[in-house]
1. Checking PHE39 against (1) touching a helix residue (DSSP H, G or I) at 6+ places or on another chain (Cβ under 9 Å); (2) surrounded by 12 or more Cβ atoms within 10 Å (Cβ to Cβ), which single condition isn't satisfied?
2. Could you please give the count of residues in segment 12-23 that are surrounded by 11 or more Cβ atoms within 10 Å (Cβ to Cβ) and over 24 Å from LYS86 (Cβ atoms)?
3. Only one of GLU45, GLU18, GLU31, GLU10 is modelled with pLDDT under 95 and either out of contact with any Gly (no Cβ under 6 Å at 6 or more places or on another chain) or of a type in the set (Lys, Arg) (or both); which?
4. Using the structure shown, decide if GLU44 is surrounded by 10 or more Cβ atoms within 10 Å (Cβ to Cβ) and without any contact (Cβ under 8 Å) to a residue 60 or more places away in the chain.
5. Just the residues that are on the phi < 0 side of the Ramachandran plot and part of a loop (DSSP other than H, G, I, E, B), please, taken from segment 2-27.
6. If you check every pair at least six apart or on different chains, which have Cβ atoms under 9 Å apart with a residue in segment 12-40 that is in contact (Cβ under 8 Å) with a residue 24 or more places away in the chain first and a residue that is surrounded by 11 or more Cβ atoms within 10 Å (Cβ to Cβ) and of a type in the set (A, V, I, L, M, F, W, C) second?
7. Output the residues belonging to segment 56-86 that are touching a Leu at 6+ places or on another chain (Cβ under 9 Å) and of a type in the set (Asp, Glu).
8. Spot the failing condition for LEU83; the list is (1) more than 26 Å from LEU5 (Cα to Cα); (2) part of a helix (DSSP H, G or I); (3) without any contact (Cβ under 8 Å) to a residue 40 or more places away in the chain, and only one is missed.
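The values are calculated or read from the model by the stated rules, or taken from the named source; none is laboratory data. As the structure is a computational prediction, the values presented were derived from the model and not from experiment. As a convention, Cβ positions derive from the backbone with ideal geometry for all residues, glycine included, and neighbour counts pool all protein chains shown.
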Amino acid sequence: MNISLTPELEAFVQKQVESGLYHSQSEVIREGLRLLKRFNDHSEEYKLWLNEQIAIGLAELDNAQSLPAEGVRERVRSKAQKLMKKRV
């Protein structure tokens, strides 16, 4: 597999190798891809949860049930914070 990088990205990769944290350019690219995959996996998890919450909210509205906006906002914020902590 061949990849093309912008000069800026190529310099970044080289700087990572020169720092001694990585032994090769390939190692830097693999690590970057692992991080991107983890980010995407958590993003998908969050999207699924958010869609479930939207469906629950719509069902509650259909049944004349409602929650104060602040309560909903706090539930979403709390869940987002938990997911962000998992990324690290």
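1. With (1) touching a helix residue (DSSP H, G or I) at 6+ places or on another chain (Cβ under 9 Å); (2) surrounded by 12 or more Cβ atoms within 10 Å (Cβ to Cβ) applied to PHE39, the lone miss is (2).
2. 7
3. GLU45
4. Criteria met by GLU44.
5. Once the filter is applied, which keeps residues that are on the phi < 0 side of the Ramachandran plot and part of a loop (DSSP other than H, G, I, E, B), segment 2-27 yields ASN2, ILE3, SER4, LEU5, THR6, SER19, LEU21, TYR22, HIS23, SER24.
6. The qualifying pairs are ILE29/LEU5; ILE29/VAL13.
7. Within segment 56-86, just GLU60 meets the criteria.
8. Going through the list (1) more than 26 Å from LEU5 (Cα to Cα); (2) part of a helix (DSSP H, G or I); (3) without any contact (Cβ under 8 Å) to a residue 40 or more places away in the chain, LEU83 breaks only (3).
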